[in-house]
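What follows is a single structure, written as structure tokens, with notes after it.
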Amino acid sequence: MKFLTSVIKHSEISEEQLIEICRLKSIRWDYNLDQHKRWMIENIQANDFHILIKDEEKPIAYTNLVDITAIINDKNIKVRGIGNVCTSETGKGFGNILMEEVNAVLAQNQWKGILLCKDNLVPYYEKFNWKLINSDKIMTKKFENTNFMNINFSIEIDSLEYNDRNF
Ligand SMILES: CC(C)(COP(=O)(O)OP(=O)(O)OC[C@H]1O[C@@H](n2cnc3c(N)ncnc32)[C@H](O)[C@@H]1OP(=O)(O)O)[C@@H](O)C(=O)NCCC(=O)NCCS
């Protein structure tokens, strides 16, 4: 298989690419194309990036890298929030291709990454060297039941607060 990865700045994305992404997302999240599109318009900003991977012409994996600030150890830190992680189908290795690409883009740009996920996906992200932040370090009440994971931090995370936008 020949995979083609596009890393697209949101300010430069085409309408066609936006629709491809919404179609792919609607396989995994049961909203119609208009709803997915509205979510993007409301939540994604010019300096955010999309990673879209295709097998020939067919989109098979997607995520976005959102430009946000988290309060880590009481300091504002610029990070990339990795959101909307999805593949077109499970069991084909697309999840491996996607996370290897995410890690490569973060490393190339020297970006720190954070993501939120449910318990069942913690081992998936750990496979790609993402680290779980202990729940007692998460200071923002609304995230008490969500896992935060991180990558590319050179410091120990003793506390994390998150009040920036959805991603
Ligand atoms: C999460 C998701 C992106 C993973 O991609 P995928 O296509 O299912 O993953 P793959 O089938 O390619 O599996 C890749 C590897 O990860 C492992 N893996 C996948 N899900 C896993 C899980 N929940 N726990 C542990 N390992 C997991 C697989 O065993 C496989 O390992 P291997 O290559 O060593 O055999 C995909 O399932 C998805 O789109 N889910 C719905 C949307 C979602 O919940 N996104 C996450 C938001 S935080």
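The values are calculated or read from the model by the stated rules, or taken from the named source; none is laboratory data. Note that the structure is a prediction, hence the values are computed from the model and not measured. A quick note on method: Cβ atoms are made from the backbone with ideal geometry, for glycine too, and the neighbour counts reach across all protein chains shown. Note: areas computed on protein heavy atoms with side chains; ligands, DNA, RNA excluded. Shrake-Rupley method; radii C 1.70, N 1.55, O 1.52, S 1.80 Å.
Do any of K54/K75; K78/K141; K92/K142 go past 27 Å between their Cα atoms, and which? Long pairs (Cα-Cα over 27 Å): K54/K75; K92/K142. Its alpha carbons considered, the chain gives a radius of gyration followed by a Dmax of 15.6, 46 Å. Placing pseudo-labels 7 Å out from each Cα toward the beta carbon at N43 and Y124 gives an inter-label distance of 1.5 nm. With contacts taken as Cα pairs under 8 Å and at least 6 residues apart, the range 3-161 reaches a relative contact order of 19 percent.
Within the chain, what's the longest stretch lacking trypsin sites (Lys or Arg not before Pro) that sit in DSSP loops with no more than 16 other Cβ atoms inside 10 Å? By the stated rule (loop sites, at most 16 other Cβ atoms within 10 Å), 3-91. Each Lys or Arg adds one and each Asp or Glu subtracts one; over the other residues with Cβ under 15 Å from the Cβ of S26, this totals +2. Taking N152, N73, N64 as the candidate residues, the one with maximal mean-square fluctuation in a Gaussian network model of the chain, Cα springs under 10 Å, is N73.
The Cα center of the range 91-167 and the Cα center of the range 38-52 differ in position by 19 Å. Near T140, the amide H atoms lying under 5 Å from its own belong to Y162; only residues 5 or more places off or on other chains count, and H is placed 1.01 Å from N.
Along the axis of the charge dipole computed for the range 3-161 (Cβ charges of +1 for Lys and Arg, -1 for Asp and Glu, origin at the Cα centre), the listed residues V85, A61, M139 are led at the positive end by M139. FRET efficiency for the pair D158 and T69, taken as 1/(1 + (r/R0)^6) with r the Cβ-Cβ distance and R0 = 25 Å, rounds to 0.90. Cut-off 10 angstrom, C-alpha nodes, Gaussian network model of the chain. Which of S14, S88, S26 fluctuates the most? Checking each option, the largest mean-square fluctuation is seen for S14. On a per residue basis, the chain carries 56 Å² of accessible surface, using protein heavy atoms and a 1.4 Å probe. For the range 64-101, the residues whose amide N sits under 16 Å from a probe point set 7 Å from the Cα of R28 along the beta carbon direction are 64-66, 81-101. Hey, can you grab everything whose amide H is under 5 Å from the amide H of I60? Only 5+ residues off in sequence or another chain; H modelled, so Pro and N-termini drop out. Sorted by chain and number, the residues that satisfy this are I53, K54, D55. Here is the list for the range 74-154: GluC sites (Glu not before Pro) lying in DSSP coil, each with at most 13 other C-beta atoms within 10 angstrom of its C-beta, are E89, E144. Karplus-derived 3J(HN,Hα) values for the range 94-101, using 6.51 cos²θ - 1.76 cosθ + 1.60 with θ = phi - 60°, are 5, x, 5, 4, 5, 5, 5, 5 Hz; glycine and proline are entered as x.
Amide H to amide H, with H built 1.01 Å from N, K92 comes under 5 Å of no residue 5 or more places away or on another chain.
When the chain is treated as a Gaussian network with alpha carbon springs shorter than 10 Å, the biggest mean-square fluctuation among S11, S135, S154 belongs to S154. Backbone phi angles across the range 31-46, fed through the Karplus curve with coefficients 6.51, -1.76 and 1.60 (θ = phi - 60°), yield HN-Hα couplings of 10, 7, 4, 5, 5, 4, 5, 4, 4, 5, 4, 7, 10, 9, 10, 3 Hz in residue order; Gly and Pro are listed as x. Relative to the current alpha-carbon distance between K92 and A107, full extension at 0.36 nm per residue lengthens the span by 2.9 nm. State whether the range 85-130 is rounded, prolate or oblate according to the following rule on the C-alpha gyration tensor (a ≥ b ≥ c being the square roots of its eigenvalues): a/c under 1.5 gives rounded; otherwise a/b larger than b/c gives prolate, and the remaining case gives oblate. It is oblate, given that a/c is not under 1.5 and a/b is not larger than b/c.
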